[in-house]
Amino acid sequence: MNMMKNTIADRVADFIKNFPPFDLLDKDQLLDISKEVKIKYLDKENIIYNINDPLHDQFYMIYKGAVKLKKYINEKLETIDQFDEGDVFGLRPLFAKENYAITSVTEEETILYCIPIDMFHPFIDNNKDVRQYLIESFASNTENPFSNEFQKKLLKDDVKLDFSKDMFEMQPVRLIKNVITAKQTSSIKDAAKLMSENNVGSIIIEDKDCPIGIITDKDLRLHVATGNFSINDDVSKIMNHPVMCYKKNITIAQAQITMMKHKINQIVVTKDGTPNSKISGVFSEHDIIVMKGTNPSVLMKAIKRSNSTKELKRIREKIMMLLEGYIQQNIPLTHINNIIFELNDATIKRVIERCVEKMDQAPPVKFAWMSLGSQGRKEQLLHTDQDNAIVFENTDDDHIEEVRTYFLALAKKVNKRLKTIGFEYCPGEMMAKNPKYCLSIDEWENQFSAWTRETGDDELLLCSIFFDFDITYGDIALITQLTEHVTEITKGNLIFQSKLGASSLRNPSPLGFFRQFLVEQDGEHKDHFDLKKRAIMPVTDAGRLLAIHYQIISINNTAERFEKLAEIMPEDEELFLSCAYASKALLKFRTKHGLRHHNSGRFIALAELSKEEKMKLKRCFKAISKVQELIKLKFNLKNFI
Amino acid sequence: MKWPFNKKEKAYPEYWKRYNSHFLEPKETDINTSTYVVLDTETTGFNYEKDRMLSIGAVKIINGYIDISTAFEFYIKQDYFNESTVEIHGLIKNERLETVSEEEAVILFLDYIKDSVLVAHHAFFDITMINTALKRLELPELKNKVLDTMFIYKATRLKSNLIDPNKKYTLDELAENYDIDLSDRHTASGDALITAIAFIKSMQFLIKTKAYTLKDLLNCK
């Protein structure tokens, strides 16, 4: 018999079969469901359904992206759970008739598989396991301690509990799915090697994917370092067993209590909660601290030992929470900036490190990864676009393309993972994976020379990004060489400097004739104030120009550039310090607005500004216009503006 | 001057008349609620006259949802055997796939698309391939509006002198930029699904940032 083929439904089935409850269905059932799926794309911060909305005739599975569930707790809308790839949600229509009790919102760009309820009902009715799984998932989203019942009970017992903002302890633990395991016949030495390679404090011994034992650092100390067992003995000699296992959806509070009770620091989660089923993940004391994660040193450690992009993405979410806390507590921007920069820098380094390991071979020559633009200036606090480039050692003409191909492949991996973590692709394609910006040191030197020799508008734009390069990973000598070259070619090059000066004066003015804020006239951001174009760019451009002119080398940060200028030119100290202040104030301002609206903070609705904020901004503009006056005089640009 | 009574019109088969009837009255065209048919064809080569379609894969976007139940996938019987058809013959034989004649494929396709907006990557190629098949059946060309994801994607890109304005973006590049899974690449249906996701992403971006209408999409060149 000939068959109809349905490649697209097969593709959907291939994905859903990996996740519960669909892993409980057979091939034909999967295909029948897949044929009825609808795929929906949603931008970030899009509502899928609201509290009290009538029920949809479908439930959802996340194919790509992430979704937050929110609920009113003490009259405030709080996030109660987060879901990502492979998770199902919106199960209410399967079990209840009343309207939705929670709101669900996309956290990032998301692609959903929508599964029709009508189609799915028979599977719930006929398959006990499917029914059980869905009822549990449904219950854990709605009937958990956040429910009114629970709150009422608490009040009745007159127990006063200080709930943290997001009731951290009551959240389900987030499993580490990338579990490090060994077979029971492995040697202790091999197991210990695996542990140190992966930077973990314990290793699970498995047989047919079921956990049969666990070894921790402590066991190595107790049994091996004491000489009781040899490093060549089988791990089964020293492993602890049976393993304490739990089911998915255990809360953090439960996990903490269990760890204390049994004096263990790791929990193994298996499919059915017993050691006789497959391992679905592990969870350690350290992971609780990371989940709580409001401590930069813990985050730093987590970044360095992270082994997956997904994990780095979660850590970056914590970094954003940390940032939000700092901004709220009004901590000086210089401190905030340093910490966030270090954490971002470590994240990017870790990504590159992992990608280098993933390549089939070691780098053919020395290279360095350069961060450009705002990351290069250490002014990147929010999720903004990635700007980066690669410089590699010179090779002979016969090999250069081969070498470039290697680094382009590496860059492609790194750029992609950075995007996953939250650094969007640069719309101008100024990224290391672009062959134009993956060059040898000679090529880079020529490139910079060309930009400063024949400088048109395009070159000026490129200079504004590439002149603020900073090393993120690799060989510092290459960067030093490039810095020296750039210093050399710009030194006394007044033609180039005055062109750069002219372009730094070209940004549209922030204030109108009556000192009112000038807003965008049309487009997506109509009636918004463009903070980047009208305020941040002019001060950044001025800082760069003066740094080049006065040969301030290796300082990329705008505020630091102005502070240095104040130091070497005491006569203009006041002006330069006010610029340094303006640069920091504007960055803080942008960060605050970005955090509030989950965007880049570039466009600001005027109505939202308090009188005080407006005055603060106007003070910044004053500093900018003064430094622009100075530039006009210095570079003889009186005819401009 | 043309004879006012076009004899040929009468001679058109029933299925063409059925298809044609969808175009008699102009319809409201909203970018969000229009029905799109995202399609891809696999062919024996790139010569419009000599080469033939091997398969057509398509899926509909209805009210913003890619509806898998509308997936369209047909393999076309080949009269001639040539090297580039080996693989697909193998596939058809191994998986015992049902094949249809070119005319049957055309009938199924016209009934399927009705007056939907057609979407394809490098659409000119696929549409010309289909129109050539129509010509062989002595039928006029397709009447649908056509969108090319290449040009739509291009409209989402930054206008900058630093980016070559004549750059041709391949489906692979779109998929890479939008982080779309590339399995089933180079099967008509697989490519249609990749194209559909890329299309929705580009379209949503253009609606959000530039308030695009369907008319603007049609003007993407």
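The values are calculated or read from the model by the stated rules, or taken from the named source; none is laboratory data. Keep in mind it's a predicted model, so treat the numbers as computed, not measured. Glycine also receives a Cβ, built like all others from the backbone with ideal geometry; neighbour counts cover every protein chain displayed. For the accessible areas, the whole protein counts, side chains as well, though only heavy atoms, and no ligand, DNA or RNA atoms are used. Shrake-Rupley method; radii C 1.70, N 1.55, O 1.52, S 1.80 Å.
Test of the criteria: in segment A:1-45, which trypsin sites (Lys or Arg not before Pro) are in a DSSP loop and have at most 14 other Cβ atoms within 10 angstrom of their Cβ?
A:LYS44
Output the DSSP H helices from chain B with an along-axis C-alpha extent of no less than 18 Å and a mean Kyte-Doolittle hydropathy no less than -1.0.
Details: long enough: B:123-136 (20 Å, 0.51); B:188-210 (31 Å, 0.79).
Flagged H segments are B:123-136, B:188-210.
Any chance you could check the Cα centroid distance between segment A:23-45 and segment A:362-403 for me, in angstrom? Answer, in whole Å: 41. The charge dipole of chain A, taken about its Cα centre with unit charges on the Cβ of Lys, Arg, Asp and Glu (plus for the first two, minus for the last two), comes to roughly 1440 debye. With each label modelled as a point 7 angstrom along the Cα→C-beta vector, the A:ASN228-A:THR274 pair spans 3.0 nm. The overall shape of segment A:295-483, judged from the alpha-carbon gyration tensor, is oblate: a/c is not under 1.5, and a/b is no greater than b/c.
Using a Förster distance of 22 angstrom, determine the FRET efficiency expected from the C-beta separation of A:LYS183 and A:HIS262, and round it to 0.05. Don't jump to the answer; show the numbers that get you there.
Values: r = 25 Å, r/R0 = 1.12.
For R0 = 22 Å, the calculated efficiency reads 0.35.
By the helix-only formula, in which each DSSP H run with n ≥ 4 contributes -39500 (n - 2.57) and the sum is divided by residues, chain A has a 222 nm mean residue ellipticity of -14500 deg cm²/dmol. Computed over protein heavy atoms with a 1.4 Å probe, the accessible surface of segment A:512-601 works out to 46 Å² per residue. Qualifying trypsin sites (Lys or Arg not before Pro) in segment A:171-219, where qualification requires a DSSP coil assignment and no more than 10 other C-beta atoms within 10 Å, comprise A:LYS208.
With loop defined by DSSP as not H, G, I, E or B, and exposure as at most 14 other Cβ atoms within 10 Å, which is the longest segment of chain A clear of exposed chymotrypsin sites (Phe, Trp or Tyr not before Pro)? No qualifying site falls inside A:1-512, the longest such stretch. In this label model, A:ASN599 and B:PHE125 are separated by 3.8 nm, measuring between points 7 Å along each Cα→Cβ vector.
Buried surface for the B/A pair, taken as the accessible area of each chain alone minus that of the pair with a 1.4 Å probe, is close to 3700 Å² in total.
Among B:PHE151, B:PHE74, B:PHE124, the largest mean-square fluctuation in a Gaussian network model of chain B (Cα springs under 10 Å) belongs to B:PHE124.
Which of the trypsin sites (Lys or Arg not before Pro) across segment A:461-524 are loop residues per DSSP, with 16 or fewer other Cβ within 10 Å?
Working: sites: A:LYS491, A:LYS499, A:ARG506, A:ARG515; in loops: A:LYS491, A:ARG506, A:ARG515.
Hits after loop and neighbour filter: A:LYS491, A:ARG506, A:ARG515.
Of the residues making up segment A:451-465, those losing 10 Å² or more of accessible area when the isolated chain is joined by the remaining protein chains, with a 1.4 Å probe, are A:ASP458, A:LEU461, A:LEU462.
How much FRET efficiency would the formula 1/(1 + (r/R0)^6) give for A:HIS335 and B:ASP30, where r is the Cβ-Cβ distance and R0 is 56 Å, rounded to 0.05? So the FRET efficiency works out to roughly 0.65. Can you tell me the relative contact order of segment A:280-387? Whole percent, Cα pairs under 8 Å, sequence separation 6 or more. In percent, rounded to a whole number, it is 25. Modelled label positions at A:ILE135 and A:GLU424, each set 7 Å beyond Cα in the direction of Cβ, lie 4.5 nm from each other.
Between A:ASP26 and A:HIS121, the FRET efficiency from the beta-carbon distance, with R0 = 25 Å, is close to 0.90.
Take every DSSP beta bridge with both residues inside chain A and express the antiparallel ones as a percent of the total, to the nearest 5.
Details: 55 of 63 bridges.
Counting only bridges with both partners in chain A, antiparallel ones make up about 85 percent.
Hey, what angle do you get for helix A:7-16 against the long axis of chain A, alpha-carbon based, 0 to 90 degrees rounded to 10? Once rounded, the angle reads 80 degrees. Helical runs (DSSP H, four residues minimum) scored at -39500 (n - 2.57) apiece and divided by the length of chain B put the mean residue ellipticity at 222 nm at -12500 deg cm²/dmol.
Ligands, DNA and RNA left out, the 1.4 Å accessible surface of chain A is 51% carbon and sulfur atoms.
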